[in-house]
Amino acid sequence: MEINFCENETVYVIDTSALIMLEYTYKYDNPVFQAIWEEIEELISIGCFRTIDFVEDEINSYEGKEDFLKNWIKKWKKLFVHKTDTASITASIPIINDEYNTGFLDSKKQALGKEEADPYLIGYCKTYNYVLITNESKIKPNKVPAIAKKNGVRCIDINDFLKERGLRMERKRNK
């Protein structure tokens, strides 16, 4: 059973692609984007912005030269990374079965016997009526937004999230 401390607040669940895009586009140490990271970290602290353990595993196995996300997730792990529970896994099984041959699941990971986060993210969000944030294509039928929609899960991208939270850059006007 999932405990939600976000009374009357949307709970956002972010996937690997959106975390990578967030860090790449809105650099944490750039003061221009400070408000974005402050908003996310505040939402994490009250339980309204999170991910699941499968995403943490994907980020930790990423072999790029950037390790900011690994360190940031480690810093916030206790509040940010949620264990995929039995109810979410149960909700994921039909998604995995339905999408097995559609190209939704990564064939390289399947061949290696590795689990991937996407079906579990959708199952988690479906189980608890959370909003999924992804950076995957909204027009391809075998990507997270389409599969989420097919399973009744609201799915947005980082820009939609920023708009929903009222985050925007404003030009400083000289008087």
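The values are calculated or read from the model by the stated rules, or taken from the named source; none is laboratory data. Nothing here was measured: the structure is a model prediction, and the numbers come from that model. Neighbour counts run over all protein chains shown; Cβ positions are idealised from the backbone, glycine included. Ligands, DNA and RNA are stripped out before the accessible areas are found, and what is left, the full protein with its side chains, is counted by its heavy atoms. Shrake-Rupley method; radii C 1.70, N 1.55, O 1.52, S 1.80 Å.
Brief remarks on what is shown
- Members of the stretch 32-65 found to be open to solvent by 50 Å² or more (accessible area, probe 1.4 Å) and within 14 Å of the chain's Cα centre (by Cα), listed by number: ASP57
- Test: LYS108 is in a helix (DSSP H, G or I), open to solvent by 60 Å² or more (accessible area, probe 1.4 Å), farther than 29 Å from GLU7 by Cβ and out of contact with any Gly (no Cβ under 8 Å at 6 or more places or on another chain): yes
- Qualifying residue in the stretch 66-85 (condition: out of contact with any strand residue (DSSP E or B) (no Cβ under 7 Å at 6 or more places or on another chain), exposed (fewer than 15 other Cβ atoms within 10 Å of the Cβ) and either within 20 Å of ILE156 (Cα to Cα) or among the acidic types (Asp, Glu) (or both)): yes
- Qualifying residue in the stretch 89-99 (condition: assigned to a helix (DSSP H, G or I), open to solvent by 10 Å² or more (accessible area, probe 1.4 Å) and closer than 27 Å to LEU162 by Cα): no
- ASP15 open to solvent by less than 50 Å² (accessible area, probe 1.4 Å) and not β-branched (Val, Ile, Thr): yes
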